[in-house]
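*Asks:* Can you keep this structure in mind? I'll have questions shortly.
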Amino acid sequence: MTQDLHASHGSDVSSRRGPDRRTVLRGAALGAASPLIPATAATATAAAASASVGRGRDRAASSVSFRWLGTAGWRIDVDGRTVLFDPYLTRFRTGLFDGGLDSETELETDPVVVDAHIGRPEVVLVSHSHWDHLGDVPYIAKTTGARVIGTETTYHLLVALGVDSGQISVVKGGEVLDIGTLTVEVVPSLHSRNKKCAYFAPGTLNAPPAKVPGTIADLPEGDTLAFRVTAGKHGPSAFLMGASDFSERAVRGLRPDLAMVAVPTATSTTHDYVPRLLSALDAPDVVVPVHWDNFELPLSGSPVIDPAMDLDAFLTQVQQASPATRIVVPDYRTVYDGAMRPTKR
């Protein structure tokens, strides 16, 4: 979970305050032609190369779809194959958005709600083990047979919750995994902290838990991962975050087309979070804010902002740090293509 905690609001375009929020498409500027090549020939060559890349990217983008599952969660479909990231769909009440978190809230999964959104996933990527990321994963793994990729803590918790150990791949960060039509690069990452620089439910597991997890307090963070998922040979690539902090050195050089960025709380203690992240990612084409919604309200409605979040401030920081980046504020009911353009609701 994003510490201090989350927010919600729905809009699938970046223009939120009139012209100053207008979508800005990232453009590529041609450099001066070499004096050894006539200007007309150089321009024609560059235009042809640009068109070729554009056509390839358009085809790749059209074969990919993204669905925001609320919180940090995503469903990614590529050529009939489905990958999930942090799919938390049951969204049961813990008191978090009602005046006080009850850490003894019992874990629950609503099969009807989960089944309506997940398709037939082959792989589930898990950033960390808090309930709003891992809560529905045991049910999904047991009913679909999907492979789960996550930390050692995630492994021990899932096995304790009845998932076959053979379905779980433990990763640490740095792995590059070929899973058919997708390449998954595992990135070591960090969880966000509160105003006291402390983590929510910290701790890792190097062995099975003493008892079967039954409450949200039984699911420690267990270290945090991010992922870069690339579709096919030509992309697009998407950087997926489950919490609003990162390792600057670990993400440098990833250069994703899309960055699904967790929004920090107003009391975040991460220094220059947005400008450092976008600089390290080399100014992605598209930034998609996530983990800002009230994740205890059902997905059947529109996203509602967590009052602890300032989504507008986040969007302003993105525009200031990377003016050419397009911002897409996602909606639960919209299916997006590989360029995060709406395709249908």
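*Asks:* Of the residues Gly70, Gly135, Gly99, only one is surrounded by 20 or more Cβ atoms within 10 Å (Cβ to Cβ) and on the phi > 0 side of the Ramachandran plot; which?
*Replies:* Values: Gly135 fails: on the phi > 0 side of the Ramachandran plot; Gly99 fails: surrounded by 20 or more Cβ atoms within 10 Å (Cβ to Cβ).
Being surrounded by 20 or more Cβ atoms within 10 Å (Cβ to Cβ) and on the phi > 0 side of the Ramachandran plot holds for just one of Gly70, Gly135, Gly99, which is Gly70.
*Asks:* Report yes if Val304 is surrounded by fewer than 18 Cβ atoms within 10 Å (Cβ to Cβ) and touching a residue at least 60 places away in the same chain (Cβ under 8 Å), otherwise no. Show your work before the answer.
*Replies:* Numbers: surrounded by fewer than 18 Cβ atoms within 10 Å (Cβ to Cβ): yes; touching a residue at least 60 places away in the same chain (Cβ under 8 Å): yes.
Considered against the rule, which asks whether it is surrounded by fewer than 18 Cβ atoms within 10 Å (Cβ to Cβ) and touching a residue at least 60 places away in the same chain (Cβ under 8 Å), Val304 comes out as yes.
*Asks:* Please work out which one of (1) at pLDDT 95 or above; (2) in contact with a helix residue (DSSP H, G or I) (Cβ under 6 Å, 6 or more places away or on another chain) is the condition Leu205 fails and give its number.
*Replies:* (1)
*Asks:* Further question: Of the numbered conditions (1) surrounded by 18 or more Cβ atoms within 10 Å (Cβ to Cβ); (2) acidic (Asp, Glu); (3) out of contact with any strand residue (DSSP E or B) (no Cβ under 8 Å at 6 or more places or on another chain), Asp272 satisfies every one except a single condition; which is it?
*Replies:* (1)
*Asks:* Spot the failing condition for Pro256; the list is (1) without any contact (Cβ under 8 Å) to a residue 40 or more places away in the chain; (2) within 24 Å of His117 (Cα to Cα); (3) crowded, with 18+ Cβ neighbours inside 10 Å, and only one is missed.
*Replies:* If we test Pro256 against (1) without any contact (Cβ under 8 Å) to a residue 40 or more places away in the chain; (2) within 24 Å of His117 (Cα to Cα); (3) crowded, with 18+ Cβ neighbours inside 10 Å, just (2) comes out false.
The values are calculated or read from the model by the stated rules, or taken from the named source; none is laboratory data. What you see is a predicted model, and the numbers here were worked out from it, not measured in a lab. Cβ: placed from backbone, ideal geometry, glycine included. Neighbour counts: every protein chain shown.
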